[in-house]
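Single-structure report; data block below.
Values quoted throughout were computed directly from the atomic coordinates according to the rules given, and no laboratory measurement underlies them. All figures in this text were calculated on a predicted structure; none of them were measured in a lab. Neighbour counts run over all protein chains shown; Cβ positions are idealised from the backbone, glycine included.
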Amino acid sequence: MQSCEVLIIGAGPAGSTCAWILAKWGISVLLLDRDWFPRDKPCGGWITPAVLDALRIDPEEYRQGRLLQEIREFRTSVRYGKEQITDYGRTVSYGIRRSEFDHFLLQRNTGPTALGEPVQSLERIAEGWLVNGSIRARLLVGAGGHNCPVARALGAKPDREPAIAALVAEFEMAEEQLAACRLSAGHTALCFNPDAGGYGWLLRKGNFLNLGLGSLEGRDLQRRMSEFLTLLKRRGDLPGDLPEAIRRHLYLPYRKRGGRRLVGDRALLIGDAAGLASPESGKGILPAVESAIMAAQTILCACGDYRPAWLQPYANAVAARYSAGAAGRGSLGLQAGARRAGARALLTSGWATRRLVLDRWFLRSWERPLVPRAEES
C-alpha cells in the first residue's frame, strides 16, 4: 500500500505543474499517468510567452536540445479567400513539440511519479481516496484530460458534453520534403471555416510541420479536414502526402455556466479535465498551467482540510480569471452568433484581424500573466 497527501492523475502540463509547486513546498505528492514519457500528444503545440512566464522557463535554457520556434507573423483567411498577413515584428508566440515540452515539465517535478499506470478504480474512503486498490491519498487532483476518471467521479459525462473535436498531424519532413517546402520556419496560418464553425492551422516548427483542424462538437470534421488538406496542397503549402496518421483529440471550451464541476469532497479538477480551453481559439496549455498554479495555492492554503468549503476558492479563482473574456456557447473561432458575412468582413480587415482575432482571442495580450509567487518557483 502506497500513501500520499495529494495524488495527481495526469502528468501533462497541468498535472506536472501542480506537482512541481506542491513538491517544492514539501507536500507529499504522487504524480500518476497511464502513459510512459516522452509521449506524443495530438496538439498544435503553440504557446504564448505567458506560458513560459507562468512556468518560470528561460527560453534560451529550454531550447538547449529542444525545439522552441519563434513566431512573429500570422496569415489568416476564410477558406479559399485571400490571406491577411499580420507581422508583429517581434516574437509573440512559440511553437513547441508536446513530446519534449511535457517531458521537460515532468522532469522538473522533484516528487515521485508512477508512469504507465492507468486508473482502474477510484474508491472514496474515510480519510480520502483509494486508487487501484493500492494508493491511498487524502486529496485527488484530476488532470487526466477530457476523459479524466476524477472528472467522471465528480459527475462529468464526456460523451454528452459540447466538446471541441480536433484532427491533428505533426511530422518531421524528409530531405525531399524540406527541399520542396516553400514555408519558412515559424510560418503560422489560420484558415477559418466560412460558417465560423472552426478553423484549420498550419505551423512550421524547424523541420516539423504541424497541421490540424478543430470544430465545435466535431461537425463534419472529416469532410472539413479533407477540404483543408486540398486547400493546402493547392496553395503549395503541403510538400507531398502526410507520412503520419491524423489523430483525433477532444477537449472542452470554458463556459461561464453549465461547465464541469471543479471541486468536490477531497477532489478538484485542473486543465482539460476541468474544461478550460479558450472558447474562441481552443488553446488549452495556458489555462492548464494557470489552473495548476491556482489549484496548488488553494491546496496549500487549505492546510490539509480538503472539504469543499476549503477547495471552493480555487473554483472562484478560475471563474474570476476566465469568465470576463469567455464567449458564450458559440462557434469555435468567432464569438457566438457570428454570421458568414460577418466572419468574412472580420477576417479581411487588418485592424480587426490583429486586435480581435489575434490579440484578444489567440494571444490574449490583454490579460496580465499569472505566475507563482517567488517562493513557489
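What to note about this one:
- Principal axis analysis of the Cα atoms in the stretch 70-136 yields extents of 60, 30, 21 Å, listed in decreasing size.
- Here's how it looks for G145: its modeled amide H is under 5 Å from those of D272, A273, which are all 5 or more places away or on a different chain.
- For the stretch 74-135, chymotrypsin sites (Phe, Trp or Tyr not before Pro) are listed when DSSP marks them as loop and at most 14 other Cβ atoms sit within 10 Å of their Cβ; the list is Y80.
- The convex hull around the C-alpha trace of the stretch 26-132, projected and averaged over every direction, spans 10.7 square nanometres.
- Binned Cα-Cα distances of the stretch 1-58, short to long, each 10 Å bin given as a whole percent: 19, 44, 32, 6, 0
- Applying a DSSP loop filter and a limit of 11 other Cβ atoms within 10 Å to the GluC sites (Glu not before Pro) in the stretch 94-186 leaves E127.
- Annotation note: trypsin sites (Lys or Arg not before Pro) in the stretch 19-117 located in DSSP loop regions with a Cβ neighbour count of at most 12 within 10 Å are K82, R90.
- Between helix 285-302 and the chain there is an angle of about 20 degrees, using the helix long axis and the longest principal axis of the Cα atoms.
- Dividing the mean sequence gap of close Cα pairs (under 8 Å, 6+ apart) by how many residues the chain holds gives a relative contact order of 22 percent.
- Rounded to the nearest whole Hz, the Karplus-based 3J(HN,Hα) values (6.51 cos²θ - 1.76 cosθ + 1.60, θ = phi - 60°) of the stretch 39-44 follow the sequence 9, 7, 9, x, 6, x, with x at glycine and proline.
- Its Cα centre serving as origin, the chain has a Cβ charge dipole (Lys and Arg +1, Asp and Glu -1) of approximately 1320 debye.
- Per the Kirkwood formula applied to alpha carbons, the stretch 116-173 shows a radius of gyration over Rh ratio, Rg over Rh, of 1.12.
- Our summary of shape: the Cα atoms of the stretch 139-281 have principal axis extents of 57, 32, 22 Å, ordered from largest down, in whole angstrom.
- The stretch 354-368 - phi-based ³J(HN,Hα) in whole Hz, Karplus 6.51/-1.76/1.60, Gly and Pro as x: 6, 6, 9, 5, 8, 4, 7, 8, 9, 8, 6, 5, 7, 8, 6
- As a ratio to 2.2 N^0.38 Å, the alpha-carbon radius of gyration computed for the stretch 219-334 takes the value 1.40.
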